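Trainee: One structure, as structure tokens, below. Some questions next.
Please treat every number below as a calculation from the coordinates, not as lab data. Fair warning: this is a prediction, and the values are worked out from it, not measured in the lab. Please note: Cβ atoms are built from the backbone with ideal geometry, for glycine as well, and neighbour counts cover all protein chains shown.
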Amino acid sequence: MRKTVNTSSRITILLTGIAATLFSLWYGQNNGLLPVAASEDASQVDGIFSLMMTVATGLFLLIQGALLFSAIKFRRRKGDETDGPPIAGNVPLEIAWTAIPTVMVLLISVYSFDVYNTMGGLDREASQDPGPQKVSYRSGQHPGSELLAFDPGQKYLALGVGASPQQKEEPEEPLPVEVNGIQYAWIFTYPDTGVVSGELHLPVGRQIDLKITAGDVLHAFWLPEFRLKQDAVPGRETQLRFEPNRVGEYSVVCAELCGAYHGVMKTTLHVQTPEEYEHWSQEQQIAQADKLENSVAATPNSRSASEFLAPYAERMGVESQTLEQLKASPTASASN
Amino acid sequence: MQGTTTDEYQTNSPQEVEAAAEHEEHEDYRMFGVVLFLIAESFIFLGMFVAFVIYRSVVPVWPPEGTPELELLLPGINTIILVSSSFVMHRGQSAIKNNDTSGLRVWFAITAVMGAIFLAGQLYEYSNLEFGLTTNLFTSSFFVLTGFHGLHVTVGLLLIFFVLIRSQQPGHYSSESYFGVEASELYWHFVDVVWVILFGLVYLL
Amino acid sequence: MTTQTEVSTGAQPPEPEVEKQRTWRDYFTFNTDHKVIGIQYLVTSFIFYLIGGALAGVMRTELATPNPNFVQPEFYNRLFTMHGTIMIFLWIIPAGAGFANYLIPLMIGAKDMAFPRLNAVAFWIIPIGGLLLLGSFFVGAPQAGWTSYPPLSLLTGKAGEELWILSVLLLGTSSILGAINFVTTIWKMRVPSMGWNDMPLLCWSMLATSGLILIGTPVLAAAMILLSFDLIVGTTFFNPTGGGDPIVYQHMFWFYSHPAVYIMILPFFGIISEVLPVHARKPIFAYRAIAYSNLAISFLGLLVWAHHMFTSGTPGWLRMFFMATTMLIAVPTGIKVFSWCATLWGGKISLNSSMLFGMGFISAFLIGGLSGVMVASVPFDIHVHDTYFIVAHLHYVLFGGSVLGLFAGIYHWFPKMTGHMLNETWGRIHFALTFIGLNLTFLPMHELGLLGMNRRIALYDAEFQLLNLVCTAGSYLLAVSTIPFLVNAIWSWIRGRQASGNPWKALTLEWQTSSPPAIENFDEEPVLWSGPYDYGIDVLSADSEESVEELLSEVQADVR
């Protein structure tokens, strides 16, 4: 077919191709589909998206263009009862459209691999599955009556995104935060200070190390502006490590179906300047010391889920009924 | 017409199809179907075995603390009985290939007895265990795997009885037509192989 | 079942030689004719499509506003659980089986399937499983999503969840029995002159589909059995409170449920490969590449399941492995899309309803395929996993792909199945409504997901409302789009224009018999006088002056 195309149509095809390529390149960079990126890792992920969007736009224009062109140009004219040309294949063409996509997806794979590695996804500590660690111990025939807590002395390998190769070099210790997902709230514990909070406050420009687990069912900890997500699995510890580089308020969303009020299971991530963060941390410590006799014991494990939820319930739109259910729910209480 | 082989299959009346199924005067697609079915069946077991192996490898203490040791003698004998029953059963098929219906009956009857002994042994083992279905992950796996296999042995036994009853009809099975014999035998071998793997995984590993 | 057998025994005198006509009653009995069963499958699954669609309509109405003010969140969870299960297990999978049942024996010149009674059993399991599933609404329908991940599925109502499990087990069994039948029939019962590479492409895709069913579905059954034990007896295979591991369930579930995606799309790849050459009057481009890419998809399809678990308990190296296999599967899929376009290119395309749906299929499936490659990339998938981006992706594949392909098939084979032509005008209206509705409903969901809207929620942030309103409007359009189809189908079935044996001048064997085909398909054994897609070649032999060169120059003229 190709050899029969004459010069003028060849030029038209060439120009259309160039226009489509330019448009794809432009749209890949300027689609504006993603929310702001609040960390370096997030920008990296956006880079992959840009590349994929460029390729996808090109293919989209090619195929849709071919379809539209065929529908107009090759439509059967009235009274024409003959068949089209008996072309049953074209080996070079077939090789081309097997080989080019193969190379393309390999490129995307390698790029993704590289970004994932930079993010810390292949950190040895984070990329191994230790299996269900919080193995509960059951005495007699009563299911789920006792749970062994984590052994604090033991260091576990977690799933998720860990330290990136460069971050490992850095001397600064990351700020650890323990995240516990329960129906339908996130509870953040700062082991350094004993602060417990329903909202996540983080200082900008410092590495953060989230250790995530769940108290009842599966949840997923999602930070859309950081392009990070990790399931919270009861009985397993998972990890997310990242470095916010942009002050602001971002959403924290549960992305794994966890029950009827899955939709309200979200909170706010405040990325603050180090001073503001320090200030907030101090305030919390004082407030919690007032409330509880022993601030050191203020870990989520010592309080039931419903107690924790109560202060946040109103703001998050959780009905009091739900809280009551939570109290009654055996798993929620058993795991806390 | 495409020849007599497939004609029996294409009738619309259930009786005729049944008749065709009984008299097997056609090229036999049914063994092909049975093999496909067993492939599918083996993947159910495979799924369960893989789950078992995963539990074994990821749970820190396996079997979980407090699980009593499994006794090996009775299941060992049971294994030997079940495996040898496969050979006994094969003699039944050899017999029918020589048009020896009474031979078929004898060998299949012996197989059935051996299968029944296996099941009885299994039940005896169950009744003497110190743990229950929900004691822990290992015991749950143990009961579900052996129970699911036992269910298959039971089905195999029913198939053998079915063949035995059918073989009372003179000329039902012959050297020309022995689908029921062949199919139930293949099924029995399958159940047998599954048991050997199961025994290795659950009792020995 | 036994009573049904008896009824049909009474209704049918066992004399196949007498010229018989199907009566409408046959379609309500335990009939073993593959054509009856095929239509039973199609009609039954279409009814479930309407039910599943109605559920989706309620969901979209709820999502028109950010607050849960139309249905309770709990009920909303029941709705999407049932919507997913019905659309997958009771609409797309059985509808594909329906086409295959009807067409495969005809296409390979057989009189029926290899195991007709088994075939009827496989069909009758479907309505039983479907009613069981719908019955769960009376005891509290399941609300853990169609994935039914424990521990949530163990905590949200035993009765409904168990009914769901039983129904999935039944429907899986039906699917396995069907697969055994398809493989045996295709493998063993082709007319003697039909070699592997003379088979219509639907046969190839059903072979690949059946392979996946035989390997994947049993593993799902194993997962369902274990989940049942956890639910009813209190074992803890998947329950972390007893030391079990919910991730094991996810592996077992997706080992079936990712191949299930191919089980749902491959039959329609086959249908599109049949429809396009006929209405473009051109041979299918690269027959072998399309045929073998089915097998490649089927093989790779078994090695990609954990890409549904990139954010779950999957270690990093495993994520990389599954990313690579998932990326690779785009290659055979791409080969198909390119080949279909090349089939259209230079043809003489009749833009009838069937062709419109066929081209709509390529167009929409392309979007689903491209977003599919995107979500294969682990870093990007971590962002969009379990968001509306995924909802958009899967609907472009399953609605834009499977369902448009299904309608292309219905418009193509309706004359063969019923002996009546469908009304073209209404068909085109149906296409326009469906295609616009589809894009209106699902295109904005991509952006919703990227911005941060998670899926499976009854209530969402007010900032997402505008796009959600567009989606809801689109879904209403989709609901409306079924009306012209229903009216058209029912009216045409009763009094549509009579169809000749071969209204499309197609070359595959099913068009060599009358419309609808005789009860035993062919009055005499069909002769394979050309390949399935040898369009344009008979013209050559008819007017021998015209050479290939001249034909090519004609195309050139068209291009210019």
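Trainee: Using the Cα centre of the protein assembly as shown as origin and beta-carbon charges of +1 (Lys, Arg) and -1 (Asp, Glu), tell me which of A:I48, A:P274, A:A232 is placed farthest towards the positive end of the dipole.
Mentor: Value: A:I48.
Trainee: On to the next question. List B:Y178, C:Y388 from most exposed to least, where exposure is judged by having the fewest other Cβ atoms within 10 Å.
Mentor: Ordered by Cβ neighbours within 10 Å, fewest first: B:Y178, C:Y388.
Trainee: Sum -39500 (n - 2.57) across every DSSP H segment of at least 4 residues in chain C, then divide by the residue count to get the 222 nm mean residue ellipticity, nearest 500.
Mentor: My calculation for chain C gives -21500 deg cm²/dmol from helical runs alone.
Trainee: Place a label point 7 angstrom from the Cα of B:S84 along the Cα-to-Cβ direction, then list the residues of region B:113-127 whose backbone nitrogen is under 18 Å away.
Mentor: Taking a point 7 Å out along Cα→Cβ of B:S84, the residues of region B:113-127 whose backbone N falls under 18 Å are B:113-122.
Trainee: If I take R0 = 45 Å and measure r between the Cβ atoms of C:R25 and A:D80 in this structure, what FRET efficiency does the formula 1/(1 + (r/R0)^6) give, to the nearest 0.05?
Mentor: Efficiency computed from Cβ-Cβ geometry: 0.50.
Trainee: Related question: Angle between the Cα long axis of helix C:93-107 and the longest principal axis of chain C, 0 to 90 degrees, nearest 10?
Mentor: So the helix axis and the longest Cα principal axis differ by about 20 degrees.
Trainee: How long is the gain from A:N245 to A:I286 if the chain were fully straight, where each residue apart is worth 0.36 nm and the alpha carbon distance is subtracted?
Mentor: Between A:N245 and A:I286, full extension yields 12.0 nm more.
Trainee: Determine the gain in length on full extension of the stretch C:V139-C:I436; use 0.36 nm per residue of separation and subtract their C-alpha separation, reporting nm with one decimal.
Mentor: 103.2 nm
Trainee: Sticking with this structure for a sec: Please state the charge dipole magnitude for chain C, taken about the Cα centre, from unit charges on C-beta atoms (+1 on K and R, -1 on D and E), reported in debye and rounded to the nearest 20.
Mentor: Approximately 700 debye in magnitude.
Trainee: Please turn the phi angles of region C:271-281 into ³J(HN,Hα) values with the Karplus equation 6.51 cos²θ - 1.76 cosθ + 1.60 (θ = phi - 60°), one per residue in order, whole Hz, x for glycine and proline.
Mentor: 4, 4, 5, 7, 6, 4, x, 4, 8, 9, 6
Trainee: For A:Q239, enumerate residues with amide H under 5 Å from its amide H, sequence gap 5+ or separate chain, H modeled in the peptide plane.
Mentor: Excluding prolines and chain starts, which carry no amide H, the hits are A:L159, A:G160, A:V161, A:I212.
Trainee: Let me ask you something else. Give the angle, between 0 and 90 degrees and rounded to the nearest 10, that separates the Cα long axis of helix C:287-301 from the longest principal axis of the Cα atoms of chain C.
Mentor: 20 degrees
Trainee: Taking a ≥ b ≥ c as the square roots of the Cα gyration tensor eigenvalues, with a/c under 1.5 meaning rounded and otherwise prolate when a/b beats b/c, else oblate, which class fits region C:406-517?
Mentor: Verdict is prolate for region C:406-517.
Trainee: Let me ask you something else. For a test of the definition: using alpha carbon positions, the gyration tensor, and the 1.5 limit on a/c, classify region B:117-205 as rounded, prolate or oblate.
Mentor: Prolate shape, in that a/c is at least 1.5 and a/b is the bigger ratio.
Trainee: Spin-label point model (7 Å from Cα, Cβ direction): what's the B:T154 to A:T273 distance in nm?
Mentor: Computed distance between label sites B:T154 and A:T273 equals 7.4 nm.
Trainee: Charges only on Cβ, +1 for Lys and Arg, -1 for Asp and Glu: so what's the dipole of the protein assembly as shown about the Cα centre, in debye to the nearest 20?
Mentor: 1920 debye
Trainee: Please give the direction-averaged projected area of the C-alpha convex hull for the protein assembly as shown, in square nanometres with one decimal.
Mentor: 45.4 nm²
Trainee: Of the listed pairs C:K348/C:K416; A:K211/C:K158; A:K229/C:K158, which have alpha-carbon separations greater than 28 Å here?
Mentor: Pairs exceeding 28 Å: A:K211/C:K158; A:K229/C:K158.
Trainee: Given only helices, namely DSSP H runs of n ≥ 4 each adding -39500 (n - 2.57), what is the per-residue ellipticity at 222 nm of chain B, to the nearest 500 deg cm²/dmol?
Mentor: For chain B, the value works out to -25000 deg cm²/dmol.
Trainee: Along the positive direction of the dipole of the protein assembly as shown (beta-carbon charges: Lys, Arg +1; Asp, Glu -1; about the Cα centre), which of C:S148, C:L220, C:A64 reaches farthest?
Mentor: Highest projection toward the positive end goes to C:A64.
Trainee: I need A:K229, C:K35, A:K78 ordered by Cβ neighbour count within 10 Å, fewest first.
Mentor: If I rank by nearby Cβ atoms, fewest first, I get A:K78, C:K35, A:K229.
Trainee: Explain nothing, just the number: relative contact order of region C:321-453, from Cα pairs under 8 Å at least 6 residues apart, as a whole percent.
Mentor: 33 percent
Trainee: Also: Under a crude label model (7 Å from the Cα following the beta-carbon direction), how far is B:Y203 from A:T16 in nanometres?
Mentor: 7.2 nm
Trainee: Starting from 0 in steps of 20 Å, tell me what percent of the Cα-Cα pairs of region C:27-529 lands in each bin.
Mentor: 23, 59, 17, 0
Trainee: Taking amide H positions as placed in the peptide plane 1.01 Å from N, state which residues far from A:D209 in sequence (5 or more) or on other chains have amide H under 5 Å from it.
Mentor: A:L175, A:V177
Trainee: Amide H of A:F221: which non-local residues (sequence gap of 5 or more, or other chain) have their own amide H closer than 5 Å, using H built in the peptide plane?
Mentor: A:Q230, A:D231, A:A232, A:A255
Trainee: Note the angle between two axes, namely the Cα long axis of helix B:179-198 and the longest principal axis of the Cα atoms of chain B, as a number of degrees from 0 to 90, rounded to the nearest 10.
Mentor: Helix B:179-198 and the main axis of chain B meet at about 10 degrees.
Trainee: Sorted from largest down, what three extents in whole angstroms do the Cα atoms of region B:4-204 have along their principal axes?
Mentor: 64, 33, 22
Trainee: May I ask for the distance between the Cα centers of region C:453-505 and region A:193-260, given as a whole number of Å?
Mentor: Result: 39 Å between the Cα centres.
Trainee: Sticking with this structure for a sec: So if we plug the beta-carbon distance of B:S175 and B:Y124 into 1/(1 + (r/R0)^6) with R0 = 45 Å, what FRET efficiency do we get, rounded to 0.05?
Mentor: 0.65
Trainee: Here is a follow-up. Would you order C:E74, B:E176 from fewest to most other beta-carbon atoms within 10 Å of each residue's own beta-carbon?
Mentor: Arranged by neighbour count, lowest to highest, C:E74, B:E176 become B:E176, C:E74.
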